[in-house]
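Asker: Take this structure first; my questions come after.
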Amino acid sequence: MFKNLDPILHSQLRLSIVSILMSVDEANFNFIKDETQATSGNISIQIKKLQDAGYIKVKKSFRNNYPNTSLSITKKGIEAFENYVSILKNYINPK
Amino acid sequence: MENTTFTPEESLLLITKTIEETKERFKENGHILVFWGTLIFIVFGSQLILSLLEFYKYTMYPVYLFPIGGIYMLYIWIKDKKQNKPKTIIGNILGNLGWVVGMNLMIMGFIFSGKLGEAMAPVFLILFALFIIVCGLTIKFKPLTIGGVLLNLIALGSFFLDRDYHGFSMMLGALVGLIIPGLLLNIARRKAYV
């Protein structure tokens, strides 16, 4: 019996954002934009969804007089990601 | 990138690709190692030449290149901060370790050199070796680990050498433990992007 994949993570852009945040301690909005090649509007919407789910932490500040949005993954986000990968592996190699 | 759903295989491939690409982008480059290796090589090489030419009065002057190196590191650190580079745990650990080791080397060299006496060069090299070995093991880059181990051996071997030959130990240590692994790291990094 296959378990359902987490709908929050099972979308290309949201999964990319979470994958990036799994490999760094903290990343800012522009870095995510460069890496994913997605539009600012789309990224903002997906960030909001991930934040609402409690998977990422968003910190807004100013750096050199410019707004700076820093993102980092939460403990809940790490657990969800690990769970998602484990279910995926089950889908690919069912026992 | 579109926000579409996709198959489990595509999903796993995307995760692997994204994580690998992000990690690759933040692989430490060898530029700083080559910079410090060259600086040490120049400082101790110049001291050796000045001694051979019997200009003993001036042998201390090349050492003042080290604080200039420290200022350059500070410039690099400020530049990186301004670029808003993402923080990585490994990058943070290595950066902090580098600062702690570097500051201790400066303090030892300028304040406690008299107290350390003949042990100055070996202790200096041991601290460098410690940093290089930790870096090599952390970023899983064998030439750096091997360079660090060789540097450590040179450092321990220096205890058996007369103080007059410590300049050679420093130069050899800089070449084996810093310059060569740094250049190899740069080559490996460039290859990863081809």
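Asker: From the phi angles alone, apply the Karplus equation (6.51, -1.76, 1.60; θ = phi - 60°) to the stretch B:162-169 and give each ³J(HN,Hα) in whole Hz, x where the residue is Gly or Pro.
Answerer: Along the stretch B:162-169, the couplings run 5, 4, 4, 9, 5, x, 5, 4 Hz.
Asker: Mean residue ellipticity at 222 nm from the helices of chain B, using -39,500 (n - 2.57) per DSSP H segment of n ≥ 4 over the full residue count, to the nearest 500 deg cm²/dmol?
Answerer: Details: 9 runs with 143 residues, N = 194.
Helix-only estimate at 222 nm: -24500 deg cm²/dmol.
Asker: Which net charge results for the neighbourhood of residue A:58, defined as the other residues with beta-carbon distances under 13 angstrom from its beta-carbon, given Lys and Arg at +1 and Asp and Glu at -1?
Answerer: Summing Lys and Arg as +1 and Asp and Glu as -1 gives +3.
Asker: Follow-up. In whole Å and largest first, what semi-axes does the C-alpha gyration tensor of chain A yield when each eigenvalue is scaled by 5 and square-rooted?
Answerer: 28, 13, 11
Asker: Now, a different point. How big is the dipole moment of the stretch B:27-193 about its Cα centre under a simple scheme where the beta carbon of each Lys and Arg is +1, that of each Asp and Glu is -1, and everything else is neutral? Debye, nearest 20, please.
Answerer: Taking the Cα centre of the stretch B:27-193 as origin, the dipole is about 940 debye.
Asker: Averaging over all projection directions, find the projected area of the Cα convex hull of the protein assembly as shown and quote it in nm² with one decimal place.
Answerer: 19.4
Asker: Got a sec to turn the phi values of the stretch A:6-21 into Karplus ³J(HN,Hα) couplings, 6.51 cos²θ - 1.76 cosθ + 1.60 with θ = phi - 60°, whole Hz, x for Gly and Pro?
Answerer: 4, x, 5, 8, 7, 8, 3, 5, 5, 5, 4, 4, 5, 4, 4, 5
Asker: How much length is gained if the chain between residue B:51 and residue B:119 is pulled fully straight, taking 0.36 nm per residue apart and subtracting their Cα-Cα distance, in nm to one decimal?
Answerer: Stretched fully, the residue B:51-residue B:119 segment lengthens by 22.5 nm.
Asker: By what distance, in whole Å, do the Cα atoms of chain B stretch along each of the three principal axes, largest value first?
Answerer: 74, 32, 28
Asker: In debye to the nearest 20, how big a dipole does the protein assembly as shown give about its Cα centre with +1 on each Lys and Arg Cβ and -1 on each Asp and Glu Cβ? Don't jump to the answer; show the numbers that get you there.
Answerer: Details: 30 positive and 20 negative charges, 143 e Å.
It comes to approximately 680 debye.
Asker: Within the stretch B:29-72, list the residues whose amide N lies under 20 Å from a label point set 7 Å along Cα→Cβ of residue B:111.
Answerer: Flagged as within label range: B:63-71.
Asker: Okay, next question. Could the peptides A:24-35, B:52-63 be put in order, highest first, of the mean number of other beta-carbon atoms found within 10 Å of their residues?
Answerer: A:24-35, B:52-63
Asker: To the nearest whole number, what is the average tally of beta carbon atoms from other chains within 10 Å of the beta carbons of peptide A:6-12?
Answerer: 3
Asker: Please compute the contact order of chain B in relative form: average sequence separation of alpha-carbon pairs under 8 Å and at least six residues apart, divided by the residue count, as a percent. Don't jump to the answer; show the numbers that get you there.
Answerer: Values: 175 pairs, mean separation 63.2, N = 194.
Rounded, it is 33 percent for chain B.
Asker: Here's a follow-up. With the convex hull built on the Cα atoms of the stretch B:92-148, state its orientation-averaged projected area in nm².
Answerer: 3.8
Bear in mind that the values in this text are calculations on the coordinates, not laboratory data. Small disclaimer: the values here were computed from a predicted structure and weren't measured. In this analysis, Cβ positions are derived from the backbone assuming ideal geometry, glycine residues included, and neighbour counts consider all displayed protein chains.
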